[in-house]
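Written out below as structure tokens is the structure these notes cover.
The values are calculated or read from the model by the stated rules, or taken from the named source; none is laboratory data. These figures come from a predicted structure and were not determined experimentally. With ideal geometry, Cβ positions are generated from the backbone for all residues, glycine too; neighbour counts draw on all protein chains shown. Each accessible area value is taken on the protein alone, full model and side chains, heavy atoms only, with ligands, DNA and RNA left out. Shrake-Rupley method; radii C 1.70, N 1.55, O 1.52, S 1.80 Å.
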2 protein chains.
Amino acid sequence: MELKLILAGLMKKMSPQMPVTDEQLQRILEVIDEVPVTKGEFVLRQGKVSNYYLLLNGYMRGYTFDEQGNEVTTNFFAGPRAVLDAASFFGRLPSAENIVAISDCRGYLLTLEQLNKLFHEMPEFREFGRAILVRELVIAQEQKLAHINLSAEDRYKQLVERDTELMQHAQLRHIASFLGVTDTSLSRIRRELANKK
Amino acid sequence: MELKLILAGLMKKMSPQMPVTDEQLQRILEVIDEVPVTKGEFVLRQGKVSNYYLLLNGYMRGYTFDEQGNEVTTNFFAGPRAVLDAASFFGRLPSAENIVAISDCRGYLLTLEQLNKLFHEMPEFREFGRAILVRELVIAQEQKLAHINLSAEDRYKQLVERDTELMQHAQLRHIASFLGVTDTSLSRIRRELANKK
DNA sequence: TTAGGTTCTTGTCATTTGGCAAGTGTTCCT
DNA sequence: AGGAACACTTGCCAAATGACAAGAACCTAA
């Protein structure tokens, strides 16, 4: 399927009360760049200022390091998602995150200037951008809540349920660190889940 | 200190690259409502559509209930903060959250119409609104990260360090459920921290 | 003052999770 | 084929946390 159509569908879905016209979509495509990302490529490196990758298709993983130097997975992304470190991108600050593709991906790469230009000239795109940002906020709050009131086992079950395909691209130790448990623990959790069935 | 001045200072701090003029500030104050909230009052009730309370001064707590019916504290707020359920406010959906003042508070109450009106006519306010939203996103992601790579003890230490005053207004069991541990556990953690010193 | 309610602490024991080390299986490179 | 590297599993024991119940400290209202 053509990327342009996916984008159109996403914009319609995210801000249905302010639909874009075909001419506006054409204008957007003149400004932003279609950039494929192959598995293993990075869209963000620690220490750099984040870009805004509008991931339409594929899977990515974000990670950083704790004080002991252990890798910690902070995010999994399944298109369509906004892939960025918001604090870095909007604040023009070096990021503490790394974000890497764990499958071949398709999407658009936006700079802050491109985004601001489109925000300025097109209220519909502004609304879309806000809806995307709100969704990222909701996702982060949901994941935080899962840590507060679910056990590791339940968090794992929820993750697999909601993102079955994504989980098939992710390594177990990355899933474990994302859930906040060791890979040993997650391995045991999986064994018990398998036994129950 | 007058609330208007606090708002002016906040706007300057949040979006320094697009400062508001005095006339614009005056216009903003014509549109939004200054609303004090006394301790124990709610700014959001489960099942209602969220408003946007721009908390400038004071402390609030957000909570919901898990499947077993236990109260779970999802957020503490210390002014200046945007106090809202973003999914509910922007999506016009009933909220699952309750938000209650745990001290007397001062701030402005905004409806979505008021916010959209100001966004539409004032790019500076738009920028401010975006900066606020980004900050909420960063806060949520930081708290999620704390759950992934810190122990309960470290999460508690970090919370007390960063929000000393807020913690003096919060009950221990609410802090405990916010941290994702039982009040029993938190009580023990506090005892051991006291012993260490 | 007393009685009742709420909050926090503590003790005991069960469950979950972590740390470490060994073992199995797979992939990849030469 | 051989070997190294990596991913995942498992066993053993220690540490952290939960569940439950009792007690201490405090506040409030009759």
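In the list A:Ser103, A:Ser88, which residue meets the criterion of being among the hydroxyl-bearing types (Ser, Thr, Tyr) and either assigned to a strand (DSSP E or B) or within 24 Å of B:Arg130 (Cα to Cα) (or both)?
Being among the hydroxyl-bearing types (Ser, Thr, Tyr) and either assigned to a strand (DSSP E or B) or within 24 Å of B:Arg130 (Cα to Cα) (or both) holds for just one of A:Ser103, A:Ser88, which is A:Ser88.
Kindly establish whether A:Gly107 is open to solvent by 20 Å² or more (accessible area, probe 1.4 Å) and either within 14 Å of another protein chain (Cβ to nearest Cβ) or of a type outside the set (A, V, I, L, M) (or both).
no
State all residues of region A:157-174 that are surrounded by 12 or more Cβ atoms within 10 Å (Cβ to Cβ), more than 13 Å from A:Asn75 (Cα to Cα) and away from DNA strand D (no atom under 11 Å from the Cβ); if no residue qualifies, say none.
Those that are surrounded by 12 or more Cβ atoms within 10 Å (Cβ to Cβ), more than 13 Å from A:Asn75 (Cα to Cα) and away from DNA strand D (no atom under 11 Å from the Cβ): A:Lys157, A:Gln158, A:Val160.
Just one of A:Thr74, A:Thr64 is in the same structural domain as A:Ala140 (by TED's automatic domain parsing) and in contact with a helix residue (DSSP H, G or I) (Cβ under 7 Å, 6 or more places away or on another chain); which is it?
A:Thr74
Select from region A:180-197 the residues that are surrounded by fewer than 19 Cβ atoms within 10 Å (Cβ to Cβ) and touching a residue at least 24 places away in the same chain (Cβ under 8 Å) and list them in ascending order.
Within region A:180-197, A:Ser185, A:Arg190, A:Glu192, A:Leu193 meet the criteria.
Residues being assigned to a loop (DSSP other than H, G, I, E, B), touching a Leu at 6+ places or on another chain (Cβ under 9 Å) and either open to solvent by 30 Å² or more (accessible area, probe 1.4 Å) or not hydroxyl-bearing (Ser, Thr, Tyr) (or both): count how many of those fall in region A:37-72.
The total comes to 2.
Which condition from (1) within 13 Å of DNA strand D (Cβ to nearest atom); (2) among the small types (Gly, Ala, Ser); (3) away from chain A (no Cβ under 14 Å); (4) in contact (Cβ under 8 Å) with a residue 40 or more places away in the chain is the one that B:Ser177 breaks?
Single failed check for B:Ser177: (3).
Starting from residues that are touching a helix residue (DSSP H, G or I) at 6+ places or on another chain (Cβ under 7 Å) and open to solvent by 20 Å² or more (accessible area, probe 1.4 Å), keep the ones in region B:136-149 and report whichever is nearest to DNA strand C (Cβ to nearest atom).
Top of the filtered list is B:His147.
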